[in-house]
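Structure, as structure tokens:
No value in this document is a laboratory result; all are computed from the given coordinates. Predicted model, so just to flag it, every value in this text is computed and none were measured. Here Cβ is always computed from backbone atoms with ideal geometry, including for glycine, and neighbour counts include all displayed protein chains.
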Amino acid sequence: MKRKIFVAVALILCGLVSLYAREPERVSRESFAMNTLIRMSVYADDEKILDEAFDMLSRLDKELSMYDPSSDISMVNSRSGVEGVEVSSEVIAAVRDSRRIYDITGGVFNPLIGPVTRLWKINQADNTIPPPESLDAAVKLSDISNLVIDDGKIFLKSRGCVLDLGGMAKGFASDKLADMFKARGVGAALIDLGGNVYVVGRKPEDSSDWNIGVRDPSSPYGVPALVLSVHDTSVITSGGYERFKTVNGKRYSHFFDAKTGESVQNDLLSVTIVSPDGSLADGLATAFMASGYEKAVSMMKNIPDLAGVILIRQTADGLEVSASENLRSAISRSSYKTTFI
């Protein structure tokens, strides 16, 4: 009898050990936020972690949008030239990040580009081009000295200033989601905010890196130009194919020259930034696209410790891929010859 009891207890203990030793399962979900399709996959014991993640994303979307009239950013914009507005700590952090990226890029990325953005109406059904005098006035309002961050408040000193974090908001959100997953003990996750990707950890099945494809701008079928094998980092791509409008047969992109207010036309088809700092990666991708190839290469050489960079441009001979030297080991496959800089 004692032996039977002992065997039964041993079997129960073995079952418990097996239960607790089991690897977390992959749970995935899709939704729509930040004007794009969102996909998240998390290796976790309970898929309720995704409820928390999507709730966080919805909150950040509402706080950071310049188009939602009830958002913190819209409140700041509505009180420009009047008074500072108290905002959440997350909005303060996002605005501080935007100012940091402004400094790193020498003003190519400008969070006060909002008056220019509104004039161009890229996201709207509009077939007009802003007149030069309107752009001149909008550019004057983008002077970064108008942005004041103090004691939990944001103040835009000149009436008509518009804070626009669209060039880095998704990167900021991916940082916050990754931090939350790590704090909840999630060892592996894939966050895809409409092509703005952040990977947490490595794939638990075999402890390998995540394979992230970089879109081929010339391929309508989603075939990647190259594949990166990475972990614990963001991979963020910006391209002229994303958002634009066509007026009288000419395409105008959603990237703007902060000094002139003009929609940028250059030889870059896409820019991919690889960095554990999602805000920085998103902002740099925006700034590099607005710069063109030659200036982007110059900027690229000044940030080797901050991020890896991939530039895809159109030449007379076809597509050309250039990458920073610090990504040599991360590029696992490429459809094109890659020049390392």
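Counting Lys and Arg as +1 and Asp and Glu as -1, what is the net charge of the other residues whose Cβ lies under 11 Å from the Cβ of S28?
Values: positive: R26, R29, R39; negative: E25, E30, E47, D192.
Around S28, the charge tally is -1.
Residues within the reach of a label modelled at M180 (point 7 angstrom out along Cα to beta-carbon, backbone nitrogen below 18 Å), restricted to segment 258-287, are 278-279. Modelled this way, with points 7 Å down the Cα-to-C-beta line, the labels at N302 and S329 are 2.8 nm from one another.
In straight-distance terms, cross-link reach from K140 covers every one of the aspartates and glutamates whose alpha-carbon lies under 17 Å from its own, apart from those fewer than eight places away in the same chain; here that gives D164, D257, E262. In this model, which of K153/K176; K157/K250; K182/K295; K121/K259; K153/K295 are farther than 28 Å apart at the alpha-carbon? Long pairs (Cα-Cα over 28 Å): K157/K250; K182/K295; K153/K295.
Each of I129, T105, S80 was scored by the projection of its Cα onto the charge dipole of segment 65-156, and the greatest displacement toward the positive side belongs to I129; charges sit on the C-beta of Lys, Arg, Asp and Glu.
How large is the helix-only mean residue ellipticity at 222 nm for the chain, computed as the sum of -39500 (n - 2.57) over DSSP H runs with n ≥ 4, divided by its residue count, in deg cm²/dmol to the nearest 500?
Details: 9 runs with 115 residues, N = 341.
Helix contribution divided over all residues of the chain: -10500 deg cm²/dmol.
Take each complete run of DSSP H in the chain, measure how far its Cα atoms stretch along the helix's own axis, and keep only those covering 18 Å or more with mean Kyte-Doolittle hydropathy at least 1.0; list them.
Values: long enough: 2-21 (28 Å, 1.64); 48-64 (24 Å, -0.26); 89-104 (22 Å, -0.09); 169-183 (21 Å, -0.09); 278-291 (20 Å, 0.92).
What comes out of the filter, once short or polar helices are dropped, is 2-21.
Loop only by DSSP, 16 or fewer other Cβ within 10 Å of the Cβ. Give me the chymotrypsin sites (Phe, Trp or Tyr not before Pro) in segment 292-341 that pass, ordered by residue number. Don't skip to the end; give the middle numbers.
Values: sites: Y293, Y336, F340; in loops: Y336.
Sites meeting the loop and neighbour criteria: Y336.
With both residues required to sit in the chain, DSSP beta bridges show an antiparallel share near 95%.
Can you tell me the order of 194-201, 322-329 when each peptide is scored by its average per-residue count of other Cβ atoms within 10 angstrom, highest first?
In decreasing order of mean packing, 194-201, 322-329 become 194-201, 322-329.
Modelled spin-label separation between R79 and T315, with each label point placed 7 Å from Cα along the Cα-to-Cβ direction: 5.3 nm. Charge dipole of the chain (Cα centre as origin; +1 on each Lys and Arg Cβ, -1 on each Asp and Glu Cβ, all else neutral): 580 debye, rounded to the nearest 20. Size of segment 65-156 from its Cα atoms: along the principal axes, largest to smallest, the extents are 41, 31, 22 Å. Here the scattering of segment 168-302 is modelled by Debye summation over its C-alpha atoms, one equal scatterer each and no solvent; at q = 0.11, 0.16, 0.22 Å⁻¹ the log10 of I(q)/I(0) is -0.44, -0.86, -1.34.
Given 10 °C and 1.306 mPa s, compute D for segment 240-341 with the Stokes-Einstein relation, Rh being the Kirkwood radius over Cα pairs; round to the nearest whole µm²/s. Don't jump to the answer; show the numbers that get you there.
Working: Rh = 14.4 Å.
Diffusion coefficient, whole number: 111 µm²/s.
The lysines whose alpha-carbon is closer than 22 Å to the alpha-carbon of K301, local same-chain residues fewer than 8 away aside, are K337.
Out of segment 194-293, which trypsin sites (Lys or Arg not before Pro) are coil in DSSP terms and have no more than 11 other C-beta atoms within 10 Å?
On the way: sites: R202, R215, R243, K245, K250, R251, K259; in loops: R202, R243, K259.
For trypsin sites (Lys or Arg not before Pro) across segment 194-293 that sit outside H, G, I, E and B with at most 11 neighbouring Cβ atoms in 10 Å, the list reads K259.
If you build a Gaussian network model of the chain, linking Cα atoms that sit under 10 Å apart, which residue out of F109, F256, F155 swings the most? It is F155.
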